[in-house]
Amino acid sequence: MSQWRGQIENIDEPADVVEFVGDYYHVPTVLLVLGFMLWSRVENWKNFLVNGNVYFTGNDPWYHYRMVAYTVRHWPQTSPFDPWTYFPYGTHSSQFGTIMDQFTATVALVVGLGSPSEHTIKLVALFVPAVVGVLVALPVYAMAKRVSNRFGGVVAVLVLALSASSFLGRSTVGSFDHHVAEALMQTLAVFATMIAVSVAEGEKPVW
């Protein structure tokens, strides 16, 4: 930031302004697009508050909420058993306690100063899908920039922001499910693979 501020102070001629804009135009542009992505996903959040209670869409978000509530009370341990899955017998499965639930529980603990109420946990769970959906844009920008340039990265983020797809539906408030986290993790995995292939091509390791 200090380097950026220093360059702003040193701008004296129109040519310097053009060069500065060419060097940094992507920063405010990407931030603006990220802001739009977040706004478009949270604008109707009050629809999920009824008489002071927080509600979710569908059934799976309530399952994930139970996992988050358990993890908040026993952090960092996750629930080893869910009595409501395969009711009335319950189920012990390794699927309980996903990264999405761990992340949400940790955020709820921070927001609730170590002891969040049930209402606070639900509010955090309400907004997490939108935040995670916006985070997907970061590796998307990095991948597009890597194979093209900064302008290509901006275009990729813009296309993602304007895409009306299942990704948009899974990353809106109330859709507290693991699918949007899958999109983030898979995008990060692809980006990491791109870096690994580039390093392998450069260093040419012995196979």
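The values are calculated or read from the model by the stated rules, or taken from the named source; none is laboratory data. Keep in mind the model is a prediction, meaning the values are calculated, not measured. Using ideal geometry, Cβ is built from the backbone for each residue, glycine included, and neighbour counts are taken over all protein chains shown. Just so you know, the surface numbers come from the protein's heavy atoms only, side chains and all, with ligands and any DNA or RNA stripped out. Shrake-Rupley method; radii C 1.70, N 1.55, O 1.52, S 1.80 Å.
Table for the structure above
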quantity: Table column - 3J(HN,Hα) (Hz), the stretch 179-186, Karplus curve with 6.51, -1.76, 1.60, x for Gly and Pro; calculated: 4, 5, 5, 4, 4, 5, 5, 5
quantity: Cβ-Cβ FRET estimate between F36 and M185, R0 fixed at 25 Å, reported to 0.05; calculated: 0.60
quantity: Cut-off 11 Å (backbone N to label point 7 Å along Cα→Cβ of A142), residues of the stretch 107-124; calculated: none
quantity: Mean separation of Cα contacts under 8 Å (6+ apart) over length of the chain, as relative contact order %; calculated: 24 percent
quantity: For R66, solvent-accessible area (1.4 Å; no DNA, RNA or ligand), Å²; calculated: 80 Å²
quantity: C-alpha long axis of helix 137-147 to longest principal axis of the chain, angle in °; calculated: 40 degrees
quantity: Gain upon complete extension [V111, N59; 0.36 nm per residue less C-alpha separation]; calculated: 16.2 nm
quantity: With Cα atoms, 0 to 90° folded angle of helix 150-162 axis to the chain main axis; calculated: 30 degrees
quantity: Crossing angle, helix 60-74 versus the chain [Cα axis fit, 0-90 degrees, rounded to tens]; calculated: 90 degrees
quantity: Computed accessible area, L135, all protein chains, 1.4 angstrom probe, square angstrom; calculated: 70 Å²
quantity: Accessible area, probe 1.4 Å, largest first, for residues M143, M67, M185; calculated: M185, M143, M67
